[in-house]
Amino acid sequence: MTKAAYAAVFAEPERRSSAHFSLLFRLSPARFARLGLAISRRQAPTAVERNRIKRLVRESFRLQAGAMPSFDVVVMLRTSTFGTPSAVLRDELALLWTRLPLGNRAV
């Protein structure tokens with residue numbers, strides 16, 4: 001995503017949240033879903049942890065992107081994920097992707 005796309009999402013976002021993640025999204029002018037990451041050092045203090053989270057989010061998004069409407073989505077951490085198993089985080093992300101609106105209705 002471009003700097004302008006991030007700014008647009010942060011200006012007027014719709015939100016979905018889980019225990020560890022917060023999704024901010026809005027319709028995109030692109031014909032496909034785009035992902036942005038805003039993983040703070042406060043929530044993931046080590047580079048190893050930030051990179052683990054980014055890999056999990058990218059992979060989860062890649063698996064779901066074909067079924068998504070054209071959204072610009074920014075994923076942020078709500079709480080620390082240190083010590084949380086990757087399987088738990090994958091499940092949370094999978095649930096969040098299903099909560100994005102599809103057409104005129106939200107799932």
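In the range 1-26, which residues are touching a Lys or Arg at 6+ places or on another chain (Cβ under 6 Å) and of a type in the set (A, V, I, L, M)? Once the filter is applied, which keeps residues that are touching a Lys or Arg at 6+ places or on another chain (Cβ under 6 Å) and of a type in the set (A, V, I, L, M), the range 1-26 yields 1, 9, 23, 24. Applying the criterion of being more than 24 Å from residue 4 (Cα to Cα) and not β-branched (Val, Ile, Thr) to the residues of the range 65-83, the residue that is farthest from the chain's Cα centre (by Cα) is 83.
Laboratory data are not the source of any read-out in this text; all were calculated from the coordinates shown. Small disclaimer: the values here were computed from a predicted structure and weren't measured. Note that each Cβ is placed from the backbone with ideal geometry, even for glycine, and that neighbours are counted across all protein chains shown.
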